[in-house]
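Single-structure report; data block below.
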Amino acid sequence: MAGPTRKGDSMATRGFVGKRRPPEGIKLPPGQYDVGRDFPVLTAEATPRLDPERWTMTVDGLVAREHTWTWEDLHLLPQSEYRGDIHCVTTWSKFDTRFGGVSVDLLLDTVEPLPAATHVFVTSTTGYTTNLPLHEIRDGKAWIVWTHEDKPLPREHGGPVRLLVPRLYFWKSAKWVTKLTLLDHDEPGFWERNGYHDLGDPWLEQRYQGD
Ligand SMILES: Nc1nc2c(c(=O)[nH]1)N[C@H]1C(S)=C(S)[C@@H](COP(=O)(O)O)O[C@H]1N2
Ligand SMILES: [Mo]
């Protein structure tokens, strides 16, 4: 493929959707710029001060057995790291950044999604919400993270714990996440109800509804 495909390049775009992988050698999705060492903060609500000892992570909805993990429970699971790029819909991208925590796959293995589950509705302690197709958080595509560059995740970036879904625009990575609810239908979250695209694939430049 010659270069990044933009919406409208119908044939090329369709081919790319199937692969869902950035064009080779290209790091910057269309319409984005490299923010360098900065890490801008984007928060719609007041930044909460959460006590990790009281924070919990629940996966419920269409699952064989819903489960709630404490901070300690999560730390007992095998840890994993994401090293790579993140892309914010406000056009900054940050290259080669690292987050540590656990793969969402481990949580899903515990709860066992029912066959009817197709989507996930994400809730933060603050009431912030976002939605995703279930397959976008499976098979090594999403993490629950509490470190950034080997340091505790700063509060303004979602500390103690946030969701990380780096293949999609960063608004899907809910800060102060506390619950994943599996559904048999799609339900728009906070930004999706306010005009943002339902999926938010940066490589297809899905910023707003209709993109
Ligand atoms: N709870 C919560 N999570 C959120 C947001 C928010 O406002 N509240 N903003 C989203 C958006 S739009 C972006 S771009 C990223 C920003 O994360 P950062 O502040 O760590 O850069 O968080 C996402 N997660
Ligand atoms: Mo954003």
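The values are calculated or read from the model by the stated rules, or taken from the named source; none is laboratory data. Everything quoted here is computed from the prediction, not taken from an experiment. Cβ placement follows ideal geometry from the backbone for every residue including glycine, while neighbour counts extend to all protein chains displayed. For the accessible areas, the whole protein counts, side chains as well, though only heavy atoms, and no ligand, DNA or RNA atoms are used. Shrake-Rupley method; radii C 1.70, N 1.55, O 1.52, S 1.80 Å.
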Number of the condition not met by Leu76 [criteria: (1) open to solvent by 50 Å² or more (accessible area, probe 1.4 Å); (2) on the phi > 0 side of the Ramachandran plot]: (2)
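Out of Leu164, Leu183, report the one residue that is touching a strand residue (DSSP E or B) at 6+ places or on another chain (Cβ under 8 Å), in contact (Cβ under 8 Å) with a residue 60 or more places away in the chain, open to solvent by 10 Å² or more (accessible area, probe 1.4 Å) and closer than 29 Å to Leu76 by Cβ. Walk me through how you get there before you give the answer.
Working: Leu164 fails: open to solvent by 10 Å² or more (accessible area, probe 1.4 Å).
Only one candidate qualifies: Leu183.
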Hits in region 156-186 (condition: within 13 Å of ligand 2 (Cβ to nearest atom) and in a helix (DSSP H, G or I)): His157, Phe170, Trp171, Lys172
Where Glu205 falls short, out of the listed (1) within 16 Å of ligand 2 (Cβ to nearest atom); (2) open to solvent by less than 10 Å² (accessible area, probe 1.4 Å): (2)
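Would you check which residues across region 19-38 are within 15 Å of ligand 2 (Cβ to nearest atom), closer than 21 Å to Asp211 by Cα and surrounded by 11 or more Cβ atoms within 10 Å (Cβ to Cβ) and list them?
At the first step, the residues of region 19-38 found to be within 15 Å of ligand 2 (Cβ to nearest atom) are 29, 31-33, 35, 38.
Remaining after also requiring closer than 21 Å to Asp211 by Cα: 29, 31-33.
Answer for region 19-38, where residues must be within 15 Å of ligand 2 (Cβ to nearest atom), closer than 21 Å to Asp211 by Cα and surrounded by 11 or more Cβ atoms within 10 Å (Cβ to Cβ): Pro29, Gly31, Gln32.
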Residue in region 145-161 that is farthest from ligand 1 (Cβ to nearest atom), counting only those that are farther than 18 Å from Trp69 by Cα and open to solvent by 30 Å² or more (accessible area, probe 1.4 Å): Asp150
Subset of region 85-144 [open to solvent by 40 Å² or more (accessible area, probe 1.4 Å), within 13 Å of ligand 1 (Cβ to nearest atom) and closer than 22 Å to Trp69 by Cβ]: Thr125, Thr126, Gly127
Tally, over region 133-155, of residues that are touching a Gly at 6+ places or on another chain (Cβ under 9 Å) and not in a loop (DSSP other than H, G, I, E, B): 7
Failed criterion for Val41 (all others in (1) away from ligand 2 (no atom under 16 Å from the Cβ); (2) over 19 Å from Leu180 (Cα atoms) hold): (1)
